[in-house]
2 protein chains.
Amino acid sequence: MPLSPSPTARGEQAKAQLIAAGLELFSEKGAQTATTREIARLAGQNIAAIFYYFGSKEGLYLAVAQWIADFIQQANQPLMVEVDALLAHSPADPEQCRAYIIKSLMSFTELLTNKETLNLSKILSREQLMPTEAYQLIHRQTIAPLHQRFTRLVAGYTGCDPSATATILHTHALLGEMLSFRMARETILLRTGWDDMGPPQVTLIKQILAQHIDWVLNGLRADRARVQANHHE
Amino acid sequence: MPLSPSPTARGEQAKAQLIAAGLELFSEKGAQTATTREIARLAGQNIAAIFYYFGSKEGLYLAVAQWIADFIQQANQPLMVEVDALLAHSPADPEQCRAYIIKSLMSFTELLTNKETLNLSKILSREQLMPTEAYQLIHRQTIAPLHQRFTRLVAGYTGCDPSATATILHTHALLGEMLSFRMARETILLRTGWDDMGPPQVTLIKQILAQHIDWVLNGLRADRARVQANHHE
DNA sequence: GTCTATAGTCGGATAGAC
DNA sequence: GTCTATCCGACTATAGAC
């Protein structure tokens, strides 16, 4: 056993540091504007290492995207396992669906307002503007499964068809309330006069989102009941 | 009178064409990635014209930002004049506030899903990620006044304090539902299977947003009435 | 595997002819 | 006012020493 880390371990560490630096700079400046020089410097690695380990700047960008997908996946897995167990029974218990809708959205909000995920969500925002291969990768592996489960929970509580476009849109609109606090972050900071989004601000945002969820879900459920009553008369 | 346009008119036309080309390419590729050469080519102008008329690439970018501010201002002015007339009376009529909330949000949605404003909103999205002087300019001139009026309408219907942070957040969350259809455009396209957001899609989105507005506003109003009842008991 | 040196390209900006 | 030619810096990527 050598005293210094094995070559493989050193390589793995170099890759990890380049991915971390890439996440930082790609999110801050965008994939085209961030330079390999600066990434290498921040990672404490040589410029040539990027090309040795990832083939190209774009290769590093895709590795960063995969890291993001893994991170989101891992952060939501415990909750999603419970949701899957609930949704395995059909029809799922409406009150439990409602509880998990709130729990999931609060968890997403916590994750999205966390400082450590700011760079991650900046890359996702950029990918919405200029979708590349990276968005497909992240969408397929994480966004779509999360979005789909959330839609099925909404359907489970309200009685809507989980595959209907309207149900998807209702769900997306609800998620949009949460997203707007990250994607229109600058607007909300200027309007409220906050200089940052810390724990007290997030607490307030979560309270407001929880109220909106209730109002929209109950509205949707009542509407659904009304439609079915009309259908049976 | 010369047959050819006067020098001033030619200069104005050159500036307008450079701004149009800048809007197109800055939105598509971002301020750093878009090149002066390509902008000049698309505008049918010489590269040197950018520096002659705007001093620098950044000068052109700020001129594009001012064009966007003017566009948003002009597009909303007729409605905002009516809203100002309504809000001049204190307290404003709640039912009229409600009508204008829906009217405004439908108008914003129409504007935001319009193909001609796609590039405009891409620049705004980018400015949320990497705020520059341009965002301050647009925010102060247009976003803040619109956001503030919308907040006052919500306050007018629900009885909330228009300057309370909670009211601003409730309003922002509601606007966020609409924004998410533009800012998370790629997600919604992949989830619904739409290949575009055309008139039929926008109609469906507007229906759904109108329902959510009703549910949230009535929830907020009932909540406010409950709080006041507790206060008086 | 890791680094230095450098090739090759393209960017913003300018000087100076017309 | 308008255009061409060009400077100069910075970028990605690679060749080749170690």
Top-ranked residue of region A:10-56 - restricted to ones that are within 14 Å of chain B (Cβ to nearest Cβ) and free of Cβ contacts under 8 Å to residues at least 12 places away in the same chain, ranked as farthest from DNA strand C (Cβ to nearest atom): A:LYS29
Residue within region A:71-89 that is buried (at least 17 other Cβ atoms within 10 Å of the Cβ) and farther than 30 Å from A:VAL202 by Cα present: no
Residues located in region B:156-172, provided they are part of a helix (DSSP H, G or I) and of a type in the set (Gly, Ala, Ser): B:GLY156, B:ALA166
A:LEU111 being away from DNA strand C (no atom under 16 Å from the Cβ), touching an Asp or Glu at 6+ places or on another chain (Cβ under 8 Å) and either away from chain B (no Cβ under 14 Å) or more than 20 Å from B:ARG126 (Cα to Cα) (or both): no
Among (1) buried (at least 17 other Cβ atoms within 10 Å of the Cβ); (2) within 15 Å of A:ARG191 (Cβ to Cβ); (3) not charged (D, E, K, R), the one test that B:SER163 misses: (1)
Helices (runs of 4 or more DSSP H) enclosed by region B:1-103 - at least 1 residues per element that are within 14 Å of DNA strand D (Cβ to nearest atom), within 19 Å of B:GLU116 (Cβ to Cβ) and modelled with pLDDT of 95 or more: B:7-29, B:36-43
Any hit, region B:207-223, residues being surrounded by 17 or more Cβ atoms within 10 Å (Cβ to Cβ), more than 8 Å from every other protein chain (Cβ to nearest Cβ) and not hydrophobic (A, V, I, L, M, F, W, C): yes
Qualifying positions in region B:176-206 - over 17 Å from A:MET130 (Cα atoms), at the interface with chain A (Cβ under 8 Å from one of its Cβ atoms) and among the polar types (S, T, N, Q): B:THR192
Qualifying residue in region B:195-212 (condition: within 16 Å of the chain's Cα centre (by Cα) and part of a helix (DSSP H, G or I)): no
Complete set of residues in region B:165-198 that are of a type in the set (A, V, I, L, M, F, W, C) and closer than 21 Å to B:ASP214 by Cα: B:ALA166, B:ILE168, B:LEU169, B:ALA173, B:LEU174, B:LEU175, B:MET178, B:LEU179, B:PHE181
Per-region count, region B:117-162, residues more than 21 Å from B:SER107 (Cβ to Cβ) and at the interface with chain A (Cβ under 9 Å from one of its Cβ atoms): 9
Selected residue (only one of B:LEU153, B:LEU190, B:LEU175 is without any contact (Cβ under 8 Å) to a residue 12 or more places away in the chain and either assigned to a helix (DSSP H, G or I) or under 28 Å from A:GLN32 (Cα atoms) (or both)): B:LEU190
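The values are calculated or read from the model by the stated rules, or taken from the named source; none is laboratory data. Every value quoted in this text rests on a predicted model; they were computed, and no experiment measured them. Cβ sites come from the backbone with ideal geometry, for glycine too, and all protein chains shown count toward neighbours.
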